[in-house]
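These notes are about the structure you will find just below.
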Amino acid sequence: MSSELYIGLMTGTSVDGIDAVLVRIDDNRVTLLGSHSEPIPDPVRADILTLCQPGNGEIDLCGSVSQTLGCLYANACHALLQTRGIAASAIRAIGCHGQTVRHRPGTQGFSLQLVCADTLAVKTGIPVVHNFRNKDMVLGGQGAPLVPPFHRQQFGRSGERLAVINIGGMANASLLEGRTLLGGFDTGPGNVLMDDWIARQGLGPFDRNGDWAASGRVDPGLLSTLLSDPYFSLPPPKSTGREHFNAQWLTSRLPAQTRPADIQATLAELTARSIADALAAFRPDALLICGGGAHNDYLLQRLHALTDVAVNTTEKAGLHPDWVEAAAFAWLAWARWNEKPGNAPVVTGASREAILGQVTLP
(Lines give C-alpha, C1' and ligand atoms only; values in the text may rest on other atoms or scores of the structure.)
Protein backbone atom coordinates (compact mmCIF):
# COMPACT_ATOMS: atom_id res chain seq x y z
CA MET A 1 0.00 0.00 0.00
CA SER A 2 1.32 3.46 -0.91
CA SER A 3 2.55 5.92 1.67
CA GLU A 4 -0.09 8.34 2.99
CA LEU A 5 -0.01 11.34 5.33
CA TYR A 6 -2.52 11.69 8.17
CA ILE A 7 -3.07 13.98 11.13
CA GLY A 8 -4.13 12.56 14.48
CA LEU A 9 -5.82 14.69 17.16
CA MET A 10 -6.38 13.68 20.76
CA THR A 11 -7.75 15.27 23.92
CA GLY A 12 -8.13 12.88 26.83
CA THR A 13 -9.81 12.74 30.21
CA SER A 14 -7.09 14.94 31.71
CA VAL A 15 -8.37 17.81 29.49
CA ASP A 16 -4.88 19.29 29.59
CA GLY A 17 -4.44 20.20 25.92
CA ILE A 18 -4.77 19.07 22.31
CA ASP A 19 -2.15 16.67 20.99
CA ALA A 20 -1.66 16.86 17.23
CA VAL A 21 0.62 14.63 15.19
CA LEU A 22 1.57 14.39 11.53
CA VAL A 23 2.34 10.82 10.52
CA ARG A 24 3.25 8.84 7.46
CA ILE A 25 1.63 5.42 7.20
CA ASP A 26 3.33 2.81 5.06
CA ASP A 27 1.92 -0.72 4.96
CA ASN A 28 0.13 -0.26 8.29
CA ARG A 29 3.22 1.19 10.03
CA VAL A 30 3.21 4.69 11.51
CA THR A 31 6.17 7.07 11.35
CA LEU A 32 5.96 10.32 13.31
CA LEU A 33 6.87 13.34 11.17
CA GLY A 34 5.84 16.18 13.45
CA SER A 35 3.91 17.06 16.59
CA HIS A 36 2.24 20.05 18.18
CA SER A 37 0.53 20.71 21.51
CA GLU A 38 -2.30 23.25 21.58
CA PRO A 39 -3.42 24.52 25.00
CA ILE A 40 -7.09 24.43 25.92
CA PRO A 41 -8.11 27.83 27.34
CA ASP A 42 -9.11 27.66 31.00
CA PRO A 43 -12.76 28.70 30.41
CA VAL A 44 -13.16 25.96 27.78
CA ARG A 45 -11.57 23.41 30.11
CA ALA A 46 -13.97 24.47 32.86
CA ASP A 47 -16.93 24.01 30.50
CA ILE A 48 -15.69 20.55 29.50
CA LEU A 49 -15.33 19.46 33.13
CA THR A 50 -18.82 20.80 33.83
CA LEU A 51 -20.18 18.66 31.01
CA CYS A 52 -18.50 15.54 32.41
CA GLN A 53 -21.20 15.48 35.12
CA PRO A 54 -24.99 15.74 34.61
CA GLY A 55 -26.40 19.24 34.97
CA ASN A 56 -28.68 21.92 33.57
CA GLY A 57 -28.22 23.53 30.16
CA GLU A 58 -26.13 20.66 28.81
CA ILE A 59 -27.41 20.75 25.22
CA ASP A 60 -26.60 24.44 24.70
CA LEU A 61 -23.21 24.08 26.36
CA CYS A 62 -22.41 20.96 24.31
CA GLY A 63 -23.15 22.85 21.12
CA SER A 64 -20.98 25.78 22.09
CA VAL A 65 -18.05 23.63 23.26
CA SER A 66 -18.24 21.46 20.12
CA GLN A 67 -17.90 24.53 17.89
CA THR A 68 -15.07 25.93 19.99
CA LEU A 69 -13.19 22.62 19.94
CA GLY A 70 -13.59 22.43 16.16
CA CYS A 71 -11.82 25.79 15.91
CA LEU A 72 -9.11 24.82 18.41
CA TYR A 73 -8.46 21.53 16.60
CA ALA A 74 -8.20 23.43 13.30
CA ASN A 75 -5.69 25.84 14.86
CA ALA A 76 -3.62 22.88 16.02
CA CYS A 77 -3.64 21.40 12.50
CA HIS A 78 -2.60 24.69 10.91
CA ALA A 79 0.27 25.12 13.40
CA LEU A 80 1.41 21.53 12.86
CA LEU A 81 1.43 21.82 9.07
CA GLN A 82 3.12 25.23 9.16
CA THR A 83 6.03 23.91 11.24
CA ARG A 84 6.59 21.12 8.68
CA GLY A 85 5.99 23.25 5.58
CA ILE A 86 3.34 20.85 4.30
CA ALA A 87 0.16 21.91 2.50
CA ALA A 88 -3.23 20.76 3.74
CA SER A 89 -3.85 19.22 0.30
CA ALA A 90 -1.11 16.66 1.02
CA ILE A 91 -3.06 15.20 3.98
CA ARG A 92 -5.37 12.28 3.27
CA ALA A 93 -7.50 12.76 6.41
CA ILE A 94 -7.59 13.91 10.02
CA GLY A 95 -8.39 11.34 12.71
CA CYS A 96 -10.07 13.28 15.52
CA HIS A 97 -11.05 11.54 18.74
CA GLY A 98 -12.88 14.56 20.13
CA GLN A 99 -13.36 15.32 23.82
CA THR A 100 -15.19 12.65 25.78
CA VAL A 101 -17.80 14.09 28.13
CA ARG A 102 -19.87 10.95 28.69
CA HIS A 103 -19.04 7.25 28.38
CA ARG A 104 -21.82 4.83 29.30
CA PRO A 105 -20.92 1.26 28.34
CA GLY A 106 -23.46 -1.52 28.77
CA THR A 107 -26.92 -2.32 27.43
CA GLN A 108 -28.03 0.52 25.14
CA GLY A 109 -24.71 2.18 25.95
CA PHE A 110 -23.28 5.21 24.20
CA SER A 111 -20.20 7.39 24.19
CA LEU A 112 -20.19 11.12 23.45
CA GLN A 113 -17.11 12.93 22.14
CA LEU A 114 -17.47 16.64 21.43
CA VAL A 115 -16.17 18.17 18.21
CA CYS A 116 -17.91 19.95 15.37
CA ALA A 117 -16.36 17.91 12.57
CA ASP A 118 -17.86 20.24 9.97
CA THR A 119 -16.05 23.20 11.52
CA LEU A 120 -12.77 21.27 11.58
CA ALA A 121 -13.14 20.02 7.99
CA VAL A 122 -14.12 23.41 6.55
CA LYS A 123 -11.43 25.36 8.40
CA THR A 124 -8.65 22.94 7.39
CA GLY A 125 -9.90 21.80 3.97
CA ILE A 126 -9.13 18.21 5.03
CA PRO A 127 -11.57 15.28 5.43
CA VAL A 128 -12.19 14.41 9.09
CA VAL A 129 -12.77 10.93 10.49
CA HIS A 130 -14.52 11.03 13.87
CA ASN A 131 -17.08 9.24 16.11
CA PHE A 132 -14.99 6.09 16.44
CA ARG A 133 -16.62 4.50 19.48
CA ASN A 134 -20.35 4.06 18.99
CA LYS A 135 -20.44 1.38 16.27
CA ASP A 136 -18.46 -0.93 18.52
CA MET A 137 -21.01 -0.25 21.28
CA VAL A 138 -23.93 -1.00 18.97
CA LEU A 139 -22.24 -4.35 18.36
CA GLY A 140 -22.27 -5.03 22.09
CA GLY A 141 -18.79 -3.72 22.84
CA GLN A 142 -17.48 -1.21 25.34
CA GLY A 143 -16.35 1.22 22.64
CA ALA A 144 -13.08 1.46 24.57
CA PRO A 145 -10.21 1.21 24.74
CA LEU A 146 -9.64 1.65 20.99
CA VAL A 147 -5.85 1.97 21.03
CA PRO A 148 -4.84 -1.71 21.57
CA PRO A 149 -4.94 -2.66 17.84
CA PHE A 150 -2.56 0.23 17.16
CA HIS A 151 -0.34 -0.86 20.06
CA ARG A 152 -0.18 -4.33 18.51
CA GLN A 153 0.78 -2.94 15.13
CA GLN A 154 3.34 -0.48 16.46
CA PHE A 155 4.89 -2.28 19.43
CA GLY A 156 4.26 -6.01 19.06
CA ARG A 157 7.50 -7.98 18.70
CA SER A 158 7.95 -11.69 18.11
CA GLY A 159 8.94 -13.52 21.27
CA GLU A 160 7.92 -10.69 23.66
CA ARG A 161 5.11 -10.81 26.19
CA LEU A 162 4.42 -7.13 26.58
CA ALA A 163 1.90 -4.89 28.33
CA VAL A 164 1.51 -1.42 26.83
CA ILE A 165 0.04 0.90 29.46
CA ASN A 166 -1.41 4.26 28.54
CA ILE A 167 -1.62 6.41 31.67
CA GLY A 168 -3.74 9.43 30.86
CA GLY A 169 -6.63 10.63 32.97
CA MET A 170 -7.64 6.98 33.01
CA ALA A 171 -5.24 4.10 32.46
CA ASN A 172 -5.63 1.30 29.96
CA ALA A 173 -3.62 -1.81 29.17
CA SER A 174 -2.94 -3.69 25.94
CA LEU A 175 -1.77 -7.29 26.38
CA LEU A 176 0.53 -8.46 23.58
CA GLU A 177 1.97 -11.92 22.97
CA GLY A 178 4.36 -11.21 20.12
CA ARG A 179 2.16 -9.82 17.32
CA THR A 180 -1.03 -11.22 18.88
CA LEU A 181 -3.38 -8.99 20.85
CA LEU A 182 -4.67 -11.11 23.73
CA GLY A 183 -6.76 -8.44 25.42
CA GLY A 184 -7.05 -4.89 26.68
CA PHE A 185 -9.13 -2.85 29.12
CA ASP A 186 -9.22 0.24 31.30
CA THR A 187 -7.51 -0.55 34.58
CA GLY A 188 -9.05 2.44 36.39
CA PRO A 189 -7.85 5.95 37.24
CA GLY A 190 -4.52 7.04 35.84
CA ASN A 191 -3.65 10.66 36.56
CA VAL A 192 -7.15 12.04 37.07
CA LEU A 193 -7.38 11.72 40.87
CA MET A 194 -3.79 12.78 41.46
CA ASP A 195 -4.21 15.83 39.23
CA ASP A 196 -7.50 16.82 40.85
CA TRP A 197 -6.10 16.43 44.37
CA ILE A 198 -2.94 18.48 43.85
CA ALA A 199 -4.95 21.19 42.09
CA ARG A 200 -7.34 21.34 45.05
CA GLN A 201 -4.35 22.05 47.31
CA GLY A 202 -3.29 24.96 45.10
CA LEU A 203 0.00 23.25 44.18
CA GLY A 204 -0.38 23.23 40.40
CA PRO A 205 -2.22 21.22 37.75
CA PHE A 206 -0.16 18.03 38.18
CA ASP A 207 2.47 16.41 40.39
CA ARG A 208 5.69 16.95 38.46
CA ASN A 209 7.77 13.75 38.47
CA GLY A 210 5.54 12.50 41.29
CA ASP A 211 7.69 14.45 43.74
CA TRP A 212 4.81 15.39 46.06
CA ALA A 213 3.54 11.80 46.17
CA ALA A 214 7.07 10.62 46.94
CA SER A 215 7.18 12.99 49.92
CA GLY A 216 4.15 11.35 51.53
CA ARG A 217 3.34 7.96 52.99
CA VAL A 218 0.72 5.56 51.69
CA ASP A 219 -2.30 5.27 54.00
CA PRO A 220 -3.05 1.51 54.04
CA GLY A 221 -6.62 1.97 55.25
CA LEU A 222 -7.46 4.54 52.60
CA LEU A 223 -5.78 2.46 49.90
CA SER A 224 -7.84 -0.57 50.92
CA THR A 225 -11.02 1.52 50.80
CA LEU A 226 -10.22 2.85 47.33
CA LEU A 227 -9.28 -0.58 45.97
CA SER A 228 -12.53 -2.04 47.26
CA ASP A 229 -14.45 -0.23 44.53
CA PRO A 230 -16.26 -2.92 42.49
CA TYR A 231 -14.79 -1.70 39.20
CA PHE A 232 -11.37 -3.13 40.02
CA SER A 233 -12.71 -6.66 40.43
CA LEU A 234 -14.83 -6.61 37.27
CA PRO A 235 -13.57 -8.97 34.57
CA PRO A 236 -12.80 -7.57 31.11
CA PRO A 237 -14.14 -6.27 28.83
CA LYS A 238 -14.48 -3.09 30.82
CA SER A 239 -13.96 0.65 30.46
CA THR A 240 -14.48 3.67 32.68
CA GLY A 241 -14.09 7.44 32.91
CA ARG A 242 -14.77 10.59 34.90
CA GLU A 243 -18.39 9.46 35.26
CA HIS A 244 -17.11 7.02 37.88
CA PHE A 245 -13.67 8.10 39.11
CA ASN A 246 -13.81 11.80 39.97
CA ALA A 247 -13.28 14.27 42.81
CA GLN A 248 -16.64 13.42 44.38
CA TRP A 249 -15.76 9.71 44.34
CA LEU A 250 -12.54 10.47 46.21
CA THR A 251 -14.00 12.96 48.69
CA SER A 252 -16.68 10.52 49.81
CA ARG A 253 -13.96 8.03 50.79
CA LEU A 254 -11.44 10.29 52.50
CA PRO A 255 -10.84 9.89 56.25
CA ALA A 256 -11.25 12.90 58.51
CA GLN A 257 -7.57 13.31 59.34
CA THR A 258 -4.94 12.57 56.68
CA ARG A 259 -2.03 14.69 55.51
CA PRO A 260 -2.57 15.96 51.94
CA ALA A 261 0.82 14.56 50.82
CA ASP A 262 -0.15 11.15 52.22
CA ILE A 263 -3.36 11.23 50.19
CA GLN A 264 -1.32 12.00 47.07
CA ALA A 265 1.02 9.10 47.84
CA THR A 266 -2.00 6.84 48.30
CA LEU A 267 -3.54 7.97 45.00
CA ALA A 268 -0.28 7.21 43.19
CA GLU A 269 -0.26 3.79 44.83
CA LEU A 270 -3.88 3.26 43.77
CA THR A 271 -2.93 3.84 40.13
CA ALA A 272 0.15 1.61 40.37
CA ARG A 273 -1.61 -1.16 42.33
CA SER A 274 -4.68 -1.24 40.10
CA ILE A 275 -2.43 -1.59 37.04
CA ALA A 276 -0.18 -4.22 38.63
CA ASP A 277 -3.13 -6.23 39.96
CA ALA A 278 -4.79 -6.17 36.54
CA LEU A 279 -1.61 -7.56 34.94
CA ALA A 280 -0.96 -10.29 37.52
CA ALA A 281 -2.63 -13.09 35.56
CA PHE A 282 -1.02 -12.01 32.28
CA ARG A 283 2.51 -11.94 33.75
CA PRO A 284 4.20 -9.66 31.20
CA ASP A 285 7.94 -9.72 30.56
CA ALA A 286 8.02 -5.91 30.41
CA LEU A 287 5.86 -2.79 30.49
CA LEU A 288 5.85 0.04 27.95
CA ILE A 289 4.31 3.26 29.29
CA CYS A 290 2.78 6.13 27.32
CA GLY A 291 0.62 9.12 28.17
CA GLY A 292 1.25 11.80 30.75
CA GLY A 293 1.97 9.21 33.42
CA ALA A 294 5.17 8.33 31.57
CA HIS A 295 6.66 11.51 33.08
CA ASN A 296 5.80 10.53 36.66
CA ASP A 297 9.07 8.97 37.82
CA TYR A 298 7.66 7.96 41.20
CA LEU A 299 4.73 6.16 39.56
CA LEU A 300 7.06 4.26 37.23
CA GLN A 301 9.21 3.25 40.19
CA ARG A 302 6.15 1.90 41.98
CA LEU A 303 5.09 -0.04 38.88
CA HIS A 304 8.53 -1.63 38.68
CA ALA A 305 8.46 -2.52 42.38
CA LEU A 306 4.97 -4.05 42.16
CA THR A 307 5.46 -6.02 38.92
CA ASP A 308 9.18 -6.85 39.16
CA VAL A 309 9.63 -6.41 35.41
CA ALA A 310 11.34 -3.78 33.28
CA VAL A 311 9.34 -0.56 32.95
CA ASN A 312 10.19 1.76 30.05
CA THR A 313 8.37 4.40 28.05
CA THR A 314 7.35 3.82 24.45
CA GLU A 315 10.24 6.01 23.37
CA LYS A 316 12.38 2.89 23.72
CA ALA A 317 10.17 1.31 21.05
CA GLY A 318 10.46 4.29 18.72
CA LEU A 319 7.48 6.52 19.56
CA HIS A 320 7.54 9.26 22.19
CA PRO A 321 4.97 8.61 24.95
CA ASP A 322 3.34 12.02 24.56
CA TRP A 323 2.19 11.30 21.02
CA VAL A 324 1.07 7.65 21.07
CA GLU A 325 -2.66 8.26 21.47
CA ALA A 326 -2.82 10.96 18.79
CA ALA A 327 -0.88 8.65 16.48
CA ALA A 328 -3.38 5.90 17.25
CA PHE A 329 -6.25 8.04 15.98
CA ALA A 330 -4.32 8.94 12.85
CA TRP A 331 -3.96 5.17 12.34
CA LEU A 332 -7.69 4.66 12.97
CA ALA A 333 -8.41 7.31 10.33
CA TRP A 334 -6.13 5.38 7.95
CA ALA A 335 -8.04 2.18 8.76
CA ARG A 336 -11.39 3.88 8.05
CA TRP A 337 -10.13 5.41 4.82
CA ASN A 338 -8.83 2.05 3.65
CA GLU A 339 -11.95 0.18 4.87
CA LYS A 340 -10.14 -1.91 7.45
CA PRO A 341 -11.52 -2.91 10.86
CA GLY A 342 -10.53 -0.56 13.67
CA ASN A 343 -11.81 -2.38 16.72
CA ALA A 344 -10.67 -5.57 18.46
CA PRO A 345 -13.53 -7.70 19.82
CA VAL A 346 -11.10 -9.47 22.15
CA VAL A 347 -10.69 -6.08 23.84
CA THR A 348 -14.10 -4.43 23.67
CA GLY A 349 -16.36 -7.48 23.64
CA ALA A 350 -18.06 -6.47 20.37
CA SER A 351 -19.73 -9.28 18.43
CA ARG A 352 -17.49 -8.73 15.39
CA GLU A 353 -14.81 -6.59 13.86
CA ALA A 354 -16.04 -3.38 12.27
CA ILE A 355 -14.89 -0.39 10.25
CA LEU A 356 -15.03 2.52 12.69
CA GLY A 357 -15.49 6.23 12.22
CA GLN A 358 -17.62 8.65 10.22
CA VAL A 359 -16.16 10.78 7.43
CA THR A 360 -16.95 14.49 7.16
CA LEU A 361 -15.75 16.18 3.97
CA PRO A 362 -14.70 19.85 3.71
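For the stretch 221-254, a residue qualifies if it is exposed (fewer than 13 other Cβ atoms within 10 Å of the Cβ), of a type in the set (S, T, N, Q) and part of a helix (DSSP H, G or I), and the qualifying residues are SER224, SER233, GLN248, THR251.
Number of residues in the stretch 65-83 that are hydrophobic (A, V, I, L, M, F, W, C), over 18 Å from PRO43 (Cβ atoms) and either open to solvent by 30 Å² or more (accessible area, probe 1.4 Å) or in contact with a helix residue (DSSP H, G or I) (Cβ under 7 Å, 6 or more places away or on another chain) (or both) equals 3. Restricting attention to the stretch 255-267, the residues that are open to solvent by less than 30 Å² (accessible area, probe 1.4 Å) and under 12 Å from LEU222 (Cα atoms) total 6. Residues in the stretch 285-310 that are more than 24 Å from THR11 (Cα to Cα) and crowded, with 22+ Cβ neighbours inside 10 Å: 2 in all. Among the residues of the stretch 184-225, the ones that are touching a strand residue (DSSP E or B) at 6+ places or on another chain (Cβ under 9 Å) and of a type in the set (A, V, I, L, M) come to 1 in all.
The values are calculated or read from the model by the stated rules, or taken from the named source; none is laboratory data. What you are looking at is a predicted structure, and each value in this text was computed from that prediction instead of being measured. Using ideal geometry, Cβ is built from the backbone for each residue, glycine included, and neighbour counts are taken over all protein chains shown. Accessible surface is based on the protein model in full, side chains and every heavy atom, while ligands, DNA and RNA are left aside. Shrake-Rupley method; radii C 1.70, N 1.55, O 1.52, S 1.80 Å.
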